[in-house]
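Notes follow the structure.
The values are calculated or read from the model by the stated rules, or taken from the named source; none is laboratory data. These figures come from a predicted structure and were not determined experimentally. Ideal geometry is used to build each Cβ from the backbone, glycine not excepted, and the neighbour counts take in all protein chains shown. All accessible areas refer to the heavy atoms of the entire protein, side chains included, with ligands and DNA or RNA removed. Shrake-Rupley method; radii C 1.70, N 1.55, O 1.52, S 1.80 Å.
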Amino acid sequence: MADAALTARIYPSVSDIAQADWDRLAGTANPFVSHDFLATMEDSGSVGPGTGWQSAPLVLEDDAGRLLGAMPSYLKHHSQGEYVFDHAWADAFMRAGGSYYPKLQISAPFTPATGPRLLVGDPAHALPLLRAAEQLVANNGWSSAHATFVEPEQVPLFAQAGWLEREDIQFHWSNRGYASFDDFLSTLTSRKRKELRKERRAANEGIRVEALGGADIRPEHWDAFWLFYQDTGARKWGTPYLTRTAFDLLGERMGDRILLLLAYKDDAPIAGALNLIGEDALYGRYWGCLADKPFLHFELCYYRAIDAAIERGLKRVEAGAQGGHKMARGYEPVATTSMHYIADPGFRSAVGEFLEAERRGVALDRQYLSRRMPFRKD
């Protein structure tokens with residue numbers, strides 16, 4: 001697509017784009033849209049042939065070939081690893097005689113963390129980039145394009161282009177200037193303070209926890225964590241999305257943005273939690289445990305994450321998708337947003353009606369959940 005001096009094109013992979021050019025647009029706030037993370041997904045085989053994720057970064061260039069905008073986008077042949085569920089849409093579209101797949105997915109693979117999806121230095125380049133995505137869908141006869149976990153500041157850009165809005169709920173912890181974990185506990189009801197302290201004591205009894213990052217993460221640490229990750233993946237979604245190589249590459253390329261927590265019992269690792277560090281948030285990504293230890297999941301994934309956020313002065317902890325049990329640990333319900341372009345007018349109208357009703361229900365759910373938070377009423 002060409003418009004005046006702008007040209008949109010698809011690259012075979014993020015790795016084919018100069019890292020400095022990509023990161024100039026992506027910025028440093030969110031680790032999941034960085035060149036390092038996206039190229040790691042490709043280079044490790046976590047996305048690519050046989051995965052249902054075909055890397056297809058869409059970029060906007062000027063007449064000199066300078067990168068003005070980009071989307072982390074993928075041609076998807078299924079709806080796995082997205083955490084915004086459109087399986088019912090796919091079923092309805094196919095029952096009506098259409099082919100829902102492939103579709104264009106604009107996201108950080110396997111990552112339900114809010115972030116920028118339009119990587120633009122100038123907001124004026126957002127609309128041409130979105131129109132290019134729509135044209136790509138039309139030219140190839142694809143059903144749709146989907147941008148998931150869009151940061152709030154970019155939602156209006158998609159809305160102005162006419163994309164459909166969908167909301168869901170996650171549970172995030174907010175740092176209100178706490179000096180310590182006990183400072184945070186003081187905002188909870190007395191009963192909840194006692195419960196959380198009891199959980200932490202029980203979780204830490206008989207174990208030690210190492211917090212690792214950068215060069216301190218050695219291959220044996222990743223070997224241990226790989227076992228934890230496989231166990232959780234096999235129980236939750238069948239086949240783990242990331243390959244073993246992905247963890248080595250993440251450590252090599254993004255070690256300074258990783259917080260790996262490993263729990264040991266008698267010098268043997270029994271559980272772990274992997275976090276990535278942004279400029280203002282700690283992102284909990286993966287967890288696993290090979291021993292039955294009460295409350296250890298809460299300790300490694302929620303309480304230690306709060307400790308780390310307070311220590312680093314981060315504004316929030318995003319502990320992943322779903323999980324109403326996080327509320328009892330001080331994680332509050334927040335809205336997450338995805339934006340959708342449906343090519344077929346009739347199907348688009350039906351999806352739009354569904355989303356309008358769904359948004360009302362989500363808003364009511366969030367209000368109900370907010371009233372059930374364990375904070376003191378004063």
Residues that are hydroxyl-bearing (Ser, Thr, Tyr), touching a Pro at 6+ places or on another chain (Cβ under 9 Å) and buried (at least 21 other Cβ atoms within 10 Å of the Cβ): which strands (runs of 3 or more DSSP E) entirely in segment 27-99 hold 2 or more of them? 73-76
In segment 333-370, which residue that is farther than 19 Å from Asp168 by Cβ and outside any helix (DSSP H, G or I) is nearest to the chain's Cα centre (by Cα)? Ala343
Looking at (1) in contact with a Phe, Trp or Tyr (Cβ under 7 Å, 6 or more places away or on another chain); (2) aliphatic (A, V, I, L, M); (3) open to solvent by 20 Å² or more (accessible area, probe 1.4 Å), can you tell me which one Leu227 breaks? (1)
Considering only residues that are among the aliphatic types (A, V, I, L, M) and either open to solvent by 50 Å² or more (accessible area, probe 1.4 Å) or at pLDDT below 95 (or both), which ones fall in segment 336-356? Ala350
Going through (1) in a loop (DSSP other than H, G, I, E, B); (2) at pLDDT 95 or above; (3) crowded, with 17+ Cβ neighbours inside 10 Å one by one, Ala263 fails only at (1)
Checking the structure you have, find out if any residue of segment 277-294 is surrounded by fewer than 23 Cβ atoms within 10 Å (Cβ to Cβ) and in a helix (DSSP H, G or I). no
When segment 170-182 is examined, which residues are found to be open to solvent by 30 Å² or more (accessible area, probe 1.4 Å) and in contact (Cβ under 8 Å) with a residue 40 or more places away in the chain? Ser174, Asn175, Ala179, Ser180
Going through segment 103-122 in order, the residues found to be among the β-branched types (Val, Ile, Thr) and either in contact with a Phe, Trp or Tyr (Cβ under 7 Å, 6 or more places away or on another chain) or open to solvent by less than 10 Å² (accessible area, probe 1.4 Å) (or both) are Ile106, Thr111, Thr114
Flag if Thr239 is over 20 Å from Thr28 (Cβ atoms), open to solvent by 30 Å² or more (accessible area, probe 1.4 Å) and β-branched (Val, Ile, Thr): yes
Whether any residue in segment 168-183 is over 26 Å from Arg312 (Cβ atoms) and acidic (Asp, Glu) is what I want to check. yes
Here is a list: Ala5, Ala20. Which entry is at pLDDT below 95 and either farther than 13 Å from Pro109 by Cα or not acidic (Asp, Glu) (or both)? Ala5
The correct count of residues that are aromatic (Phe, Trp, Tyr), over 24 Å from Ala319 (Cβ atoms) and within 22 Å of the chain's Cα centre (by Cα) in segment 74-93 is 2
Out of all the residues in segment 204-211, is one or more free of Cβ contacts under 8 Å to residues at least 24 places away in the same chain and more than 19 Å from the chain's Cα centre (by Cα)? yes
